[in-house]
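The values are calculated or read from the model by the stated rules, or taken from the named source; none is laboratory data. Keep in mind the model is a prediction, meaning the values are calculated, not measured. Note that we place each Cβ from the backbone using ideal geometry, even for glycine, and neighbour counts take in every protein chain shown.
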Amino acid sequence: MVRLSDAPAAGTSPAVEPPEIFDRQLRRRRRDRAAPDFAQYSFVRDAIVEALLDRLDLVKRSFAHALDLGTADGSLTRALEARGVRVTAIDAGARFAGDGVQGDEDRLPFPPESFDLIVSAGVLDSVNDLPGALTLIRRALRPDGLFLAAFTGAGTLSTLRGVLREAEADRPAARIHPQIDVRSAGDLLVRAGFALPVADVDSLTVRYGALGRLLGDLRGMAATNLLIGRTPLRRDTLARAATLFADRADPDGRTAERFEIVFLTGWAPAPSQPQPARRGSATASLTEALKRAGGSEAE
């Protein structure tokens, strides 16, 4: 395994780095803690991996060398290798990284144009500098290389957020990570310089018999609070939250929790890609096109 230091990526300056909101060392420890039993709690990532592979199967071209960014249990790496793709794996956790590279997504060590495919399943929601990470990803792609990623976004854990806020009504603390909505995710792709950017969202609903089971799942998937300056959850607060969670249950005694999964698709720019028409170069009007399609002008 190759380990990277905490130094910024090449070409960056500590003076201009954005403020850190996630504890990098804690993130590594939590991923290492989750690694041995991850298969018992990987259902969100499993759904993400399956969806990413389905989308990749729609791309009518082959790839030679891929980067699996946030490799976790290696399931995505193995699926790509079964398709004949050579894969380099990187993860913030040493145990997940295995024989690959241990490092952070916003401090990638790879030179420009190293890969023709970069995939990432379920980790970009806890990266300190996501705009910087996306820029490094785009630079690491060869021209016309593909980036496919998914992570949990805005609306995720809305039930948990609600009960914790109500349980701590007198002095609520930040316990759920800041979340990115699909519109902002698309804007970030554009800002990073991707061509043909697409962002969309899908939902996964899981129903729980008790708050403790939800918290156990989050711990097992390394998805608990990584915010710098976090405060411990008091026992009386946790007890109130558990009661509030149970109060929201359906008639069968189970409470629904949502995971909103944001998908990103982008290409490294290349001359062969379709280009947007020059502004003002249209030769036919939308009104005429609608008429030919059987539409009519509004009166």
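Numbers at a glance
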{"quantity": "Cβ pairs under 8 Å, 6+ apart, first in the range 91-108 and over 22 Å from Arg138 (Cα atoms) and assigned to a helix (DSSP H, G or I), second at pLDDT 95 or above and among the polar types (S, T, N, Q)", "calculated": "Ala94/Gln102; Phe96/Thr71"}
{"quantity": "Looking only at the range 164-212, and only at residues there that are within 24 Å of Asp46 (Cα to Cα), surrounded by fewer than 18 Cβ atoms within 10 Å (Cβ to Cβ) and among the hydroxyl-bearing types (Ser, Thr, Tyr), the one that is nearest to the chain's Cα centre (by Cα)", "calculated": "Ser203"}
{"quantity": "Unmet requirement for Glu168, which otherwise passes all of (1) modelled with pLDDT under 95; (2) of a type in the set (Asp, Glu); (3) under 30 Å from Thr135 (Cβ atoms)", "calculated": "(3)"}
{"quantity": "Hits in the range 188-213 (condition: among the charged types (D, E, K, R) and more than 30 Å from Glu257 (Cβ to Cβ))", "calculated": "Arg191"}
{"quantity": "Answer residue from the range 126-176, given it is outside any loop (DSSP other than H, G, I, E, B) and among the basic types (Lys, Arg) and is farthest from Asp116 (Cα to Cα) among those", "calculated": "Arg165"}
{"quantity": "Qualifying positions in the range 213-252 - among the β-branched types (Val, Ile, Thr), part of a helix (DSSP H, G or I) and exposed (fewer than 15 other Cβ atoms within 10 Å of the Cβ)", "calculated": "Thr243"}
{"quantity": "Only one of Thr77, Thr88 that is under 23 Å from Val44 (Cα atoms), in a strand (DSSP E or B) and hydroxyl-bearing (Ser, Thr, Tyr)", "calculated": "Thr88"}
{"quantity": "Condition met for Arg191 (farther than 22 Å from Ala72 by Cβ, in contact with a helix residue (DSSP H, G or I) (Cβ under 9 Å, 6 or more places away or on another chain) and among the basic types (Lys, Arg))", "calculated": "yes"}
